[in-house]
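A quick write-up on the structure given underneath.
The values are calculated or read from the model by the stated rules, or taken from the named source; none is laboratory data. Note that the structure is a prediction, hence the values are computed from the model and not measured. Note: ideal-geometry Cβ built from the backbone for every residue, glycine included; neighbour counts use all protein chains shown. Protein only, heavy atoms only, side chains kept; ligands, DNA and RNA dropped before computing areas. Shrake-Rupley method; radii C 1.70, N 1.55, O 1.52, S 1.80 Å.
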Amino acid sequence: MSTMHTVLEAMAPEAREALLAHSHQVTFPAGNRIFKERRRAEKFWIILSGTVDLGTHIPCHKDAVIDTLGYGELLGRSWMVPPYSRRLGATASHEVRALEFDDVAVRELCTEDSAVGRSVSVAVAAVIADRLDPARTRLLDLFAPHGSGTPLSYAR
């Protein structure tokens, strides 16, 4: 699970309020497939409670869990950059309550208000950066020779 502060805490207060105005609460039961990889990203979520496993499909095998997300974390980032296609799949591992956002409405908001757009972009970029090294380590743990998954921060 990521250790960064919640994505909403990373935003300027005005941007946070503008973004929240475009949200509504949803619930996903445990075991529910929230989205599949390689599908169009039309929504994203901020998790209020529960956990979500992010995974990738491996032919002839069970999906590999790359990360587990929880409270305050952003679920879905592919809505932000064309071609708006999911890179991973997501499944609720425990019942999830989340704020759901429509991608088109939020992109329009970010275009109309550059301060909001900048704040949302920086917060999402921080999430992506925060998740890259752990995802790399997890993939190496799953598929590379033993010891290859040593986190970069320890390899120096």
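So the values come out like this:
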| read-out | value |
| --- | --- |
| Residue in segment 119-131 that is among the polar types (S, T, N, Q) and without any contact (Cβ under 8 Å) to a residue 24 or more places away in the chain present | no |
| Residue check for Val52: in contact with a Leu (Cβ under 6 Å, 6 or more places away or on another chain), surrounded by 16 or more Cβ atoms within 10 Å (Cβ to Cβ), modelled with pLDDT of 95 or more and of a type in the set (A, V, I, L, M, F, W, C) | yes |
| Selected residue (only one of Ala10, Ala64, Ala41 is of a type outside the set (Lys, Arg), in contact with a strand residue (DSSP E or B) (Cβ under 7 Å, 6 or more places away or on another chain), in contact (Cβ under 8 Å) with a residue 60 or more places away in the chain and within 18 Å of Val124 (Cα to Cα)) | Ala41 |
| Positions within segment 59-80 being part of a loop (DSSP other than H, G, I, E, B) and touching a helix residue (DSSP H, G or I) at 6+ places or on another chain (Cβ under 9 Å), in sequence order | Glu73, Gly76, Arg77 |
| Condition broken by Pro134, with the remaining ones in (1) open to solvent by 80 Å² or more (accessible area, probe 1.4 Å); (2) in contact with a Pro (Cβ under 9 Å, 6 or more places away or on another chain); (3) assigned to a helix (DSSP H, G or I) satisfied | (1) |
| Count of residues meeting criterion [exposed (fewer than 15 other Cβ atoms within 10 Å of the Cβ) and either aliphatic (A, V, I, L, M) or under 20 Å from the mean Cα position of the chain (by Cα) (or both)] in segment 109-120 | 2 |
| Of residues in segment 77-107 being among the aliphatic types (A, V, I, L, M) and over 15 Å from the mean Cα position of the chain (by Cα), the one least open to solvent (accessible area, probe 1.4 Å) | Val106 |
